[in-house]
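Structure first, then comments.
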Ligand SMILES: *Cc1c(COP(=O)(O)O)cnc(C)c1O
């Protein structure tokens, strides 16, 4: 076992994985207590009366090809949200082990830690430094109790990429000590490389990727964790056996067809151009104090009067995210880059 896998909870290390009903599609299934008939409304390829293949091989192969990693380094779950939960449950003993987060950031990391009863450490990303990651400061916050470090790049809600050099410094310094989880939910919008290419070299690195943002499949619920095969094997012990539903497997395989992927590229280009148009227009909008530069598909916008901006958006029937609950931020809203027409409506509401 490698040094990172051995940091997992002893109960998980010794856990016997659940053996799901054997998957042998060429044989007649009389072993899983399913109904033998399809419903008249069932348009799926495989039949929803049957349990799906656990960790569908076709899906794993397709996702592994998409991210350019071997299938044994990938686990798919119901969004990266599930991967976040699995990592914390596998590595953190309640009350003893800790999770480190860098606020302001995605709330699911702290929530997963609280649900598990893990301790929470934080190392704040400073607005004065453009919310950049200070590797030295993070490492000073990282005692031996910290088993998992969550870093989000591009970061939600601030929008900035974390510098690869700083990420590498953290990963290298914590080798054998903690699992560093880099959440790349928005990486496709950044136009820079993914850290996925470094996972094979760093057993303590796990990268989260999702189909929910750039791939336009938020409703399908499919995210991946890419990590050392031993870490993946531990996560597989904990994920429910039929986590990915059959309609999701079929929708994802259809969407990751090369023809559909070609269309996604042009959509990404459109999001990037709308992002810069929206950012420029907002910078000249009355009441806007600051528009933070973004590598994602949203903008963090500071307002003199957030309440008024929210009300105006609501009056135009537009939802934007109130970022005031983040104590590390000046009063701001987080705005998703929409279609050209939606962005125009928002700009008019705030003009
Ligand atoms: C949206 C988002 C996710 C994706 O969650 P899914 O469960 O895959 O839909 C993950 N991390 C961050 C930071 C996000 O903003």
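What the table below lists for this structure:
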{"item": "Test result for residue 224, part of a loop (DSSP other than H, G, I, E, B), at pLDDT 95 or above, in contact with a strand residue (DSSP E or B) (Cβ under 8 Å, 6 or more places away or on another chain) and within 15 Å of the ligand (Cβ to nearest atom)", "result": "no"}
{"item": "Residues satisfying the stated conditions in the stretch 49-69, i.e. part of a loop (DSSP other than H, G, I, E, B) and either crowded, with 17+ Cβ neighbours inside 10 Å or touching a strand residue (DSSP E or B) at 6+ places or on another chain (Cβ under 7 Å) (or both)", "result": "50, 51, 52, 53, 54, 55, 56, 69"}
{"item": "Filter result (in a loop (DSSP other than H, G, I, E, B) and surrounded by 16 or more Cβ atoms within 10 Å (Cβ to Cβ)) within the stretch 243-257", "result": "243, 244, 245, 256"}
{"item": "Residue pairs meeting the criteria (Cβ under 9 Å; at least 6 apart or on separate chains; first in contact (Cβ under 8 Å) with a residue 60 or more places away in the chain and within 25 Å of residue 198 (Cβ to Cβ), in the stretch 217-228; second part of a loop (DSSP other than H, G, I, E, B) and within 9 Å of the ligand (Cβ to nearest atom))", "result": "222/78; 222/211; 222/212; 223/78; 223/185; 223/211; 223/212; 224/211"}
{"item": "Of the criteria (1) under 24 Å from residue 90 (Cβ atoms); (2) outside any loop (DSSP other than H, G, I, E, B); (3) more than 16 Å from the ligand (Cβ to nearest atom); (4) in contact with a helix residue (DSSP H, G or I) (Cβ under 7 Å, 6 or more places away or on another chain), which one residue 169 fails", "result": "(1)"}
{"item": "Breaking point among (1) closer than 30 Å to residue 194 by Cα; (2) part of a loop (DSSP other than H, G, I, E, B), for residue 46", "result": "(1)"}
{"item": "Hits in the stretch 333-343 (condition: in contact (Cβ under 8 Å) with a residue 60 or more places away in the chain and closer than 17 Å to residue 105 by Cα)", "result": "334"}
{"item": "Condition met for residue 281 (surrounded by fewer than 20 Cβ atoms within 10 Å (Cβ to Cβ), in contact with a strand residue (DSSP E or B) (Cβ under 6 Å, 6 or more places away or on another chain) and touching a residue at least 40 places away in the same chain (Cβ under 8 Å))", "result": "no"}
{"item": "Qualifying positions in the stretch 51-65 - over 16 Å from the mean Cα position of the chain (by Cα) and within 16 Å of the ligand (Cβ to nearest atom)", "result": "59"}
{"item": "Residues within the stretch 175-214 that are in a loop (DSSP other than H, G, I, E, B), more than 11 Å from the ligand (Cβ to nearest atom) and over 28 Å from residue 327 (Cα atoms), tallied", "result": "13"}
{"item": "Selection within the stretch 303-341 - out of contact with any strand residue (DSSP E or B) (no Cβ under 9 Å at 6 or more places or on another chain), surrounded by 14 or more Cβ atoms within 10 Å (Cβ to Cβ) and not in a loop (DSSP other than H, G, I, E, B)", "result": "312"}
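The values are calculated or read from the model by the stated rules, or taken from the named source; none is laboratory data. All figures in this text were calculated on a predicted structure; none of them were measured in a lab. Every residue, glycine among them, receives a Cβ derived from its backbone with ideal geometry; neighbour counts consider all protein chains shown.
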